[in-house]
1. List the relative contact order of the chain as a percent without decimals, with contacts defined as Cα pairs under 8 Å and 6+ residues apart.
2. Only Lys, Arg, Asp and Glu count, each charged at its Cβ (+1, +1, -1, -1), so figure out the dipole size of region 140-247 about its Cα centre, rounded to 20 debye.
3. Before rounding to the nearest 500, sum -39500 (n - 2.57) across all DSSP H runs of length at least 4 in the chain and divide by the residue total; then give [θ] at 222 nm in deg cm²/dmol.
4. Tally Lys and Arg at +1 and Asp and Glu at -1 over the other residues with C-beta under 10 Å from the C-beta of Gly136: what net charge comes out?
5. Distance between the C-alpha centers of region 136-153 and region 331-346? Whole Å please.
6. Report the charge-dipole magnitude of the chain in Debye, nearest 20, computed about the Cα centre from +1 at each Lys and Arg Cβ and -1 at each Asp and Glu Cβ.
7. Put +1 on the Cβ of every Lys and Arg and -1 on every Asp and Glu Cβ in the chain; which of Gly393, Leu153, Ala85 then has its Cα farthest towards the positive end of the dipole?
8. Using a basic spin-label model with each label point 7 Å from the Cα along Cα→Cβ, how many nm lie between Ser104 and Glu82?
Amino acid sequence: MPDITIDEFRDEVVSFLDANAAKREAEQKFVWGEGDDDVALFQEVTPENELADLAKAQDWRAKRFDAGVGYISGPSEYGGRELPAAYDRLYGQLEARYQTPNQSFFGIGLGMVAPTIAAHATPEVKDAYLRKMYRGDIVGCQLFSEPGAGSDLASLQTKAERDGDEWLITGQKVWTSGAQYSDIGEIICRTDPDLPKHKGLTGFVVDMKAPGVEIRPLRQMTGGASFNEVFFTEVRVPDNHRLGDVNQGWTVALTTLMNERASIGAGSGGGGGLADVTRLAELCRHLGVLDDPIVRQKMMDVYINFQVAKYTNQRALDKIKQGQLPGPEMSIAKLSLTNNLWRTANFVTDVLGPRAIADTGEWGTYAWSQLLLGVPGLKVAGGTDEVMKNIVGERVLGLPKDTGIDSTTAFKDLMVNENN
């Protein structure tokens, strides 16, 4: 039994929040033309503003941690309270009533990297990083995808070669969110090229400030640069920073990927606020098409699909809250999110017409272009739609595995054989 009742914990949290944050004003009813009309998925932020926001976020996490509410369900040896998940959920509900700094900087580190460290790292690495990650002292990123290994992650070619008690990492990663401000990264490398591609991989925790690490931002068509390509040139990593056994990195990667899809899919809350049917209805009213029966039908199709995804996600989250690991159903959550945002983008494009591509300064119209430009990126992030469909088909529906392509045969030879 917990050493504190949930009512006592509630009082403790409210006391902490009252002393350190201002309460949010009661959420007002949506009024067309008032407030910020931003609906971007990937916002454009200057490096200076980003670092300033990160510093505020780290200060808040430190306050939380030092007050005993920064790692509520974690083990005590790393600063955790070892309280049930219900206490963690309660804290989230209470904090949402207060004005606190943006915590998205820690989404990947705490949602994906830290759980993998907790599951697979050596005691030295757990001691070195878990407490600091949950306190906000350091930020983590995920280094998986490569220019030639995105959807087929097991084809990655970044290599790690053993050199005594260290490993030398050389290669390139791409689409790395938050690499520009991260302190450590979880990286999967090829350690035995002679083994089958899923068998010769090993995971490591790498210092993102180490000699030989070069981070280059990737400019998105939204105007932002939240993704990066990262180059490694003989970067030294101690063997005790290895995650799991040598050549067992695929198991490590799966732990991270399942937590990633849980974070992207279920953590979105069904669409991150973009499924607000009131906003869509007011857009249609503003443009004079709200009484059009086809428009109304399409709008409710968007709303209903978001609601179905929300309830499906809740079932998966309840499973996780009971202590079970996230499973293939999280691929459904991620796939549903991207499909629903794509459905929203198509709807507003049909309604807006030229207003979607020409900025007239009209509130609530051209702002949707940021969503339209951002959705294709989300269809790739955390696993492409095609990969998600394969996972659902094979691991949920029990369909035969994808036959794939023989990578040892040239494409032109396959074409010749097919023609014959």
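Derivation of every value follows stated rules applied to the coordinates shown; laboratory data play no part. Worth saying up front: this structure is predicted, and the values here are computed from it rather than measured. Here Cβ is always computed from backbone atoms with ideal geometry, including for glycine, and neighbour counts include all displayed protein chains.
1. The value is 15 percent.
2. It comes to approximately 360 debye.
3. Calculated mean residue ellipticity at 222 nm is -13500 deg cm²/dmol.
4. Details: positive: Arg61, Lys63, Arg64, Lys132, Arg135; negative: Asp59, Asp137.
For residues surrounding Gly136, the net value is +3.
5. 22
6. 680
7. Final value for the positive-end residue is Gly393.
8. According to this spin-label approximation, the distance is 3.7 nm.
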